[in-house]
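Report on the structure given below.
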Amino acid sequence: KAGVTQTPRYLIKTRGQQVTLSCSPISGHRSVSWYQQTPGQGLQFLFEYFSETQRNKGNFPGRFSGRQFSNSRSEMNVSTLELGDSALYLCASSSLQGKSADTQYFGPGTRLTVL
Amino acid sequence: AQSVTQLGSHVSVSEGALVLLRCNYSSSVPPYLFWYVQYPNQGLQLLLKYTTGATLVKGINGFEAEFKKSEASFHLTKPSAHMSDAAEYFCAVSLNQGGKLIFGQGTELSVKP
């Protein structure tokens with residue numbers, strides 16, 4: 001099976017702009033989670049979608065949003081970009097049931113740089 | 001609040017030496033525990049996980065970890081380090097909240113020839 005894919009891999013934006021990142025999960029996986037990774041804050045959970053519904057949300061401002069489509073592909077959007085949003089954004093998918101014990105399989109990430 | 005603590009942000013070992021990466025967690029409910037590895041410019045790869053059953057868990061690349069409930073620990077070990085083990089290692093817990101992982105701050109492992 002193909003792994004989790006994320007597009008684009010690299011992105012440069014300026015402050016105030018908005019950005020959309022895309023994630024395609026492993027075929028058959030219905031749960032998609034998003035994480036932000038920065039040197040200062042480490043890996044932080046953004047949100048999780050399961051069967052097109054947001055099931056969990058981390059402690060991020062409303063500028064961060066996401067959605068999931070019927071084919072389980074997911075997008076996250078960040079509006080009004082700030083310098084502090086520069087990070088590696090990782091997407092992970094887990095199996096059909098999306099249970100807590102399930103392994104999450106991570107994509108390679110999208111490196112976002114905000115200038 | 002649930003949290004994960006990895007002792008030592010940097011660990012350096014010689015090739016062939018024992019690798020020990022420490023992870024302690026704080027949780028009011030029994031957690032599911034994971035160790036992931038991240039190589040430069042890549043995503044995270046699962047090394048091993050503990051859900052239920054045997055507390056000594058074997059993973060890929062010769063790594064293993066032991067869940068000790070009394071110590072709230074899940075330390076990662078490997079008997080003999082290899083140069084290819086140099087990477088960043090993350091301990092994580094899942095707390096019956098679906099696909100939400102709480103990560104430790106990570107430990108960067110260096111392996112000296």
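On the basis of being among the small types (Gly, Ala, Ser) and farther than 25 Å from A:Tyr35 by Cβ, does B:Gly53 make the cut? It is true that B:Gly53 is among the small types (Gly, Ala, Ser) and farther than 25 Å from A:Tyr35 by Cβ. Residues of region B:1-36 that are in contact with a helix residue (DSSP H, G or I) (Cβ under 9 Å, 6 or more places away or on another chain) and within 11 Å of B:Ala92 (Cα to Cα): B:Asn24 alone. Can you find a residue in region A:22-45 that is touching a residue at least 40 places away in the same chain (Cβ under 8 Å), of a type in the set (D, E, K, R) and in contact with an Asp or Glu (Cβ under 6 Å, 6 or more places away or on another chain)? The answer is no, given that none of the residues of region A:22-45 is touching a residue at least 40 places away in the same chain (Cβ under 8 Å), of a type in the set (D, E, K, R) and in contact with an Asp or Glu (Cβ under 6 Å, 6 or more places away or on another chain).
Cβ-Cβ distances below 6 Å connect the following pairs, each with a first residue in region B:92-113 that is within 27 Å of A:Val32 (Cβ to Cβ) and facing chain A (nearest Cβ under 8 Å), a second residue that is in a strand (DSSP E or B) and among the charged types (D, E, K, R), and a separation of six or more residues or different chains: B:Gly98/A:Glu48; B:Gly98/A:Arg55; B:Gly99/A:Glu48; B:Lys100/A:Glu48; B:Gly106/B:Glu88. For region A:6-47: of the residues being within 27 Å of B:Val4 (Cα to Cα) and among the aliphatic types (A, V, I, L, M), which is farthest from the other protein chains (Cβ to nearest Cβ)? Out of the qualifying residues, it is A:Leu46. Within the set A:Arg63, A:Arg55, A:Arg15, A:Arg9, the sole residue that is without any contact (Cβ under 8 Å) to a residue 60 or more places away in the chain and farther than 28 Å from B:Pro30 by Cα turns out to be A:Arg63. Of all residues in region A:100-115, exactly one satisfies the criterion of being surrounded by fewer than 20 Cβ atoms within 10 Å (Cβ to Cβ), more than 7 Å from chain B (Cβ to nearest Cβ) and in a loop (DSSP other than H, G, I, E, B), namely A:Leu115.
Within the span defined as region B:67-90, one or more residues are of a type in the set (Asp, Glu) and at pLDDT below 95. Taking (1) more than 29 Å from A:Thr7 (Cα to Cα); (2) surrounded by fewer than 20 Cβ atoms within 10 Å (Cβ to Cβ); (3) within 14 Å of another protein chain (Cβ to nearest Cβ) in turn, B:Ile60 satisfies each apart from (1).
Of the residues making up region A:33-50, none is charged (D, E, K, R) and over 17 Å from A:Val4 (Cα atoms).
When A:Thr7, A:Thr14 are checked against the criterion of being within 21 Å of A:Gln68 (Cα to Cα), out of contact with any helix residue (DSSP H, G or I) (no Cβ under 7 Å at 6 or more places or on another chain) and surrounded by fewer than 15 Cβ atoms within 10 Å (Cβ to Cβ), A:Thr7 stands alone in meeting it. Among the residues of region A:86-115, those identified as under 13 Å from the mean Cα position of the chain (by Cα) and farther than 14 Å from A:Ser31 by Cβ are A:Ala87, A:Leu88, A:Tyr89, A:Leu90, A:Pro108, A:Gly109, A:Thr110, A:Arg111, A:Leu112.
The values are calculated or read from the model by the stated rules, or taken from the named source; none is laboratory data. Quick caveat: nothing in here was measured; it's all calculated off a predicted structure. A quick note on method: Cβ atoms are made from the backbone with ideal geometry, for glycine too, and the neighbour counts reach across all protein chains shown.
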